[in-house]
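Have a look at the structure below, then the notes.
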Amino acid sequence: MEKLRIGIDLGGTKTEGVVLDEQGLERYRQRVSTPGHLGFEAVVECIATLVKSLDDQAGCQLPVGVGTPGAISTLTGTMKNCNTTCLNGRDLLGALEARLQRPVRLANDANCFALSEALDGAGADYGVVFGVIMGTGVGGGLVLHGQLHQGAQHIGGEWGHNQLEADGPVCYCGRRGCVETFISGPGLLADYHRLGGKAQSVPELLTGLEQGEACAAQAMDRFHQRFGRALATVINILDPDVVVLGGGLSNMEPLYREGRDAVAEYVFNDQLITPIIRNCHGDSSGVRGAAQLWSVDEV
Ligand SMILES: [Zn+2]
C-alpha cells in the first residue's frame, strides 16, 4: 500500500493541491482560483472539489493537510488573522472535516513553509529550523527536530509583528512599526518612496540600485539594518541551527551578504555562526509542508 498524502495551499488568489508520496515526490498537482470573494462556503467547496479530484487521480481517499493564511484561535477553534477575510471567525477545520468525511490537519502557511524546508528542504541537516517568509507580508515558523512548534496560542514564529520602530508606519494588525511594515515587499517600497524614490516595484527599485540610484542604495541599506535588528532578536531567543528564507524577497542576493552582516552586528555574540540560507522548494514549500502535516508513519 502506497503512503500518499494530499497537501492544499490556500492562497489569497490561487489554491494549489498536490499528492505527495513517501519519498516526498509530487505525484499530482492541480491549481484553481480561490473564490474568497464568494464567501466561506465557496472556499470550503473549492477545497473539497480539489481534494476529490486528487483522490480520483490517486485512486483512493487520502489524508489531507491544509496550509492557510492566519491560524486557528486556541480559544474559539475558529480562524483568525487571515487576509482572506471571509475565513475569520469561522471553523474552517470543522467544516472541511465534515465536508471531506475524514480527519484534516491545518496550519499557517509560514509554518507549512518551515516544515517543508526542515523535513526535506534547505534545513534538512539541522535540528532547530527557523523558516522565514518575506514577501507581501512577513511570517515565520519554527520546527524543532522535525516537529512543527505552533505554540500555545498558535503564534509561534510570528516575528513579523514584533515592534521594530515605535513611530513606524501603521500595520494592518492595528499597531505601529511592526517588522512587516519595513521588511516586506510593500514595506521596502514604501520606505524607498519616503526617501523620494520613484520606482513602482521592488524589481524596478533593484534595477535603480544597479544603476547607482542614491535613493535605492539608501533604502536597501536601511532595509538590511532593519532585517539585521529584527532577525537578531529572534536569534537571541531561539538560537536556531539555521534560518531558511522564503517569499519573494528571499531572492535578493544582498540579503545573504549585507543583510547577514547586519544580523551579526546586532546579535548577542562576538560572531554569527547561524547559517542564513535560501529555501530549496521555492513556491512549492507551502503545499509540500501542508501534505507533510501528516508524517509518512501516520498514513
Ligand atoms: Zn503588525
Exercise for the section: Kindly indicate whether any position in the range 236-253 is in contact (Cβ under 8 Å) with a residue 12 or more places away in the chain, under 29 Å from Lys3 (Cα atoms) and assigned by TED's automatic domain parsing to the domain that holds Gly185. Expected result: yes
Practice task
Report yes if some residue within the range 63-77 is open to solvent by 60 Å² or more (accessible area, probe 1.4 Å), in a strand (DSSP E or B) and not hydroxyl-bearing (Ser, Thr, Tyr); otherwise report no.
Solution key: no
Problem - Any chance Ala199 is among the small types (Gly, Ala, Ser), over 19 Å from the mean Cα position of the chain (by Cα) and part of a helix (DSSP H, G or I) - result: no
Handout entry: Output for the range 279-294, where each listed residue is hydrophobic (A, V, I, L, M, F, W, C) and either at pLDDT below 95 or crowded, with 24+ Cβ neighbours inside 10 Å (or both)
Key = Val287, Ala290, Ala291
Practice task
Determine whether the range 246-261 contains at least one residue that is farther than 23 Å from Gly127 by Cα, aromatic (Phe, Trp, Tyr) and assigned to a helix (DSSP H, G or I).
Solution key: no
Practice task
Please go through the range 112-141 and pick out each residue that is part of a loop (DSSP other than H, G, I, E, B) and within 20 Å of Gly12 (Cα to Cα).
Solution key: Gly135, Thr136, Gly137
Problem - Whichever residue in the range 170-206 is open to solvent by 60 Å² or more (accessible area, probe 1.4 Å) and within 10 Å of the ligand (Cβ to nearest atom) and, among such residues, is farthest from His224 (Cα to Cα) - result: Gly174
Practice task
Would you confirm whether any residue within the range 106-118 is surrounded by fewer than 17 Cβ atoms within 10 Å (Cβ to Cβ) and more than 23 Å from His37 (Cβ to Cβ)?
Solution key: no
Exercise for the section: Determine the pairs where a residue that is touching a residue at least 12 places away in the same chain (Cβ under 8 Å) and on the phi < 0 side of the Ramachandran plot, located within the range 165-177, has a partner that is hydroxyl-bearing (Ser, Thr, Tyr) and near the ligand (Cβ under 8 Å from one of its atoms) with Cβ atoms under 6 Å apart, the partner being 6 or more residues away or on another chain. Expected result: Gly168/Thr181; Pro169/Thr181
Problem - Residues of the range 207-217 satisfying the condition of being open to solvent by 70 Å² or more (accessible area, probe 1.4 Å) and either in contact (Cβ under 8 Å) with a residue 24 or more places away in the chain or not in a helix (DSSP H, G or I) (or both) - result: Gln211
Practice task
Mind listing just one residue for me: the one in the range 121-169 that is of a type in the set (D, E, K, R) and surrounded by fewer than 16 Cβ atoms within 10 Å (Cβ to Cβ) and, of those, nearest to the ligand (Cβ to nearest atom)?
Solution key: Glu165
Fill in the blank from the handout: In the set Leu10, Leu87, Leu54, the lone residue that is under 19 Å from the mean Cα position of the chain (by Cα) and closer than 18 Å to Pro103 by Cα is Leu10
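The values are calculated or read from the model by the stated rules, or taken from the named source; none is laboratory data. Values in this document were obtained by computation on a predicted structure and should not be read as measured data. Glycine also receives a Cβ, built like all others from the backbone with ideal geometry; neighbour counts cover every protein chain displayed. Surface areas here come from the heavy atoms of the whole protein model, side chains and all, with no ligands, DNA or RNA. Shrake-Rupley method; radii C 1.70, N 1.55, O 1.52, S 1.80 Å.
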